Each structure stands twice: as C-alpha cells, then as structure tokens.
C-alpha cells in the first residue's frame with residue numbers, strides 16, 4: 001500500500017478494485033430496511049381493499065381516487081374534490097412549518113451559546129440538550145400531556161401566581177400539538193447549527209466590526225451565510241419528521257387536529273383499516289417531501305455553479 005501511495009496513486013483509488021464489496025453491507029441494509037419497505041408501500045397503494053382488512057391483489061387506482069375525489073357513499077355520484085384529506089395535508093404542512101420556525105428561533109441562539117462556551121463545558125451543555133432522548137418519545141409526549149392538562153403543574157403554577165383565574169384548556173388544541181412537536185424535535189435543530197457555528201471563524205465577525213458593521217449587520221451578512229448549511233440541515237431534520245408525526249397529534253391534539261401521520265396510522269389499525277389508502281397517503285407524502293428536497297438541491301447546485 002505504501003508503495004502504491006508513494007508512486008503517486010491517489011489514496012481514494014487504492015481500494016477501487018474492492019470498493020463494491022466494501023459497500024455491499026451498506027447497500028444490503030439500505031435495500032432491505034429502506035428501499036424494500038418503500039417499494040411494498042408503493043405496490044400496496046395500487047391494490048384493492050379487502051372488506052375485513054388487508055388487501056386483494058387486484059390492481060386499481062381506487063386509493064388515489066379516494067384521496068382526491070368524493071364520489072358519494074356508494075361511489076355513483078359525480079366526482080367532487082375531496083377537501084377532507086387535502087385539509088389534513090395542509091394542516092400538517094402548516095404545523096410542521098410553525099414547529100420548524102419555533103425550533104429555529106430557540107435553537108439558533110441555543111446552539112450559538114453552546115458553541116461559544118469554553119471547550120471544557122461544551123460537552124455538558126450538549127448533554128443537557130440530548131438527555132431527553134434517553135427517554136422514549138411516547139413517554140415524553142404523555143409527560144407533556146400531563147404537564148399542560150387543566151389539573152397539571154402548568155395550570156396550577158399559573159393559578160397560584162395569579163396569572164390566570166381559571167385553568168387553560170390546552171390539551172386537544174393546535175397549541176398543544178405545537179408544543180409537542182417543538183419539544184420532540186428541538187435537538188434536531190440545535191445540533192446541526194452547533195456543528196456549523198463551532199467551525200465558524202470568529203475572526204470574520206471581528207473583521208466586520210473593524211469595518212464599522214453593527215452586531216445585526218455582522219449577524220445577517222457574515223455569520224448567517226457561513227452557518228447556513230447547518231440551519232438548512234436543522235430545518236430539514238425538524239420539518240420532515242414533524243410532517244409525518246402522529247404521537248403528538250394523537251395524544252395532544254385529538255380528533256379535531258388530525259395530521260398526516262395520524263391519518264396514515266389509522267388506515268393500518270384493526271380490521272376497519274384501509275391499507276391501500278394508507279399506502280397511497282404515504283406515497284403522496286413521500287413524493288411531496290422528495291419534490292421539495294429535489295427543488296432545494298437544484299437551487300443549491302445552481303447557486304454553487306454561479307458562485308464557482
């Protein structure tokens with residue numbers, strides 16, 4: 001190996017003859033645990049619902065038609081747009097967007113603060129951010145419901161301080177769902193931004209200050225452009241799982257605050273479930289996410305080409 005490297009051969013090409021074999025375990029895991037389930041969902045979305053649950057292996061577009069159109073109880077009426085599921089998707093996108101913005105507003109200052117602490121204390125701060133993930137998400141969501149219920153500690157504290165005169169009905173509201181999503185995915189925003197800020201050269205901020213730029217100007221024109229990849233990564237890591245979340249909507253939002261994840265989950269529960277429709281809703285959700293990521297990737301590639 002030393003001879004090959006010393007002769008001028010690139011280190012990255014040293015293992016080229018066995019690269020396929022080295023990558024084989026990775027491709028097996030990706031194929032079995034990612035591609036195969038997605039392929040199964042795609043196939044199921046084109047099958048026919050069995051009356052007692054499950055599927056009949058007869059291919060049709062009935063699941064997608066049910067998502068988009070309302071043809072009446074017996075399916076013999078003129079097709080009308082089915083706004084129920086479209087509204088659920090729109091509500092989910094709005095909820096995920098608000099949760100992402102909230103996580104960014106809180107997560108960016110938090111990440112900046114941790115990254116600017118002395119190196120000896122950063123590990124302790126990161127530990128405090130990640131320690132909630134030592135507990136199962138279900139337990140944390142139930143704990144949030146206990147905290148904000150009408151007889152919970154939050155209302156009791158506000159009543160004791162005289163801030164409110166009667167308990168706040170927070171459970172089964174959009175606000176409760178927002179709190180659940182924010183609490184669940186805030187570390188996903190903090191950690192990528194922290195990694196970006198930690199690599200930031202603060203001499204750039206000092207140079208901006210020497211050129212009479214104020215703090216907000218340095219933040220907007222110097223810091224944010226440099227750490228933008230971390231911000232974008234954090235937003236993606238929060239928005240995508242928030243879009244498909246079902247624990248927070250189910251436990252904190254109730255039936256009036258249904259989201260996509262809850263809709264999909266309901267289709268695979270019990271004998272009354274509709275597996276093809278659940279698979280179709282899953283594929284529509286996956287397609288929307290992939291389109292958004294593809295558009296963003298194209299814009300980044302064009303920006304890089306223009307800058308290079």
Are there helices (runs of 4 or more DSSP H) fully within the stretch 168-276 with at least 3 residues that are touching a residue at least 40 places away in the same chain (Cβ under 8 Å) and within 24 Å of the chain's Cα centre (by Cα)? List them.
174-198, 224-243, 260-267
For the stretch 130-152, the count of residues that are under 17 Å from residue 181 (Cβ atoms) and either in a helix (DSSP H, G or I) or in contact with a helix residue (DSSP H, G or I) (Cβ under 7 Å, 6 or more places away or on another chain) (or both) equals 13
Given the conditions (1) closer than 30 Å to residue 193 by Cβ; (2) modelled with pLDDT of 90 or more; (3) buried (at least 20 other Cβ atoms within 10 Å of the Cβ), report the number of the one that residue 236 does not fulfil.
(3)
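Identify all residues within the stretch 98-107 that are more than 13 Å from residue 129 (Cβ to Cβ) and in contact with a helix residue (DSSP H, G or I) (Cβ under 7 Å, 6 or more places away or on another chain); write none if there are none.
Narrowing the stretch 98-107 to residues more than 13 Å from residue 129 (Cβ to Cβ): 98-102, 104-105.
Within the stretch 98-107, 98, 99, 100, 102, 104 qualify.
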Which one of the conditions (1) surrounded by 10 or more Cβ atoms within 10 Å (Cβ to Cβ); (2) at pLDDT below 80 does residue 31 fail to meet, given that it meets all the rest?
(2)
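The values are calculated or read from the model by the stated rules, or taken from the named source; none is laboratory data. Owing to the predicted nature of the structure, the values given are computational and were not obtained by experimental measurement. As a convention, Cβ positions derive from the backbone with ideal geometry for all residues, glycine included, and neighbour counts pool all protein chains shown.
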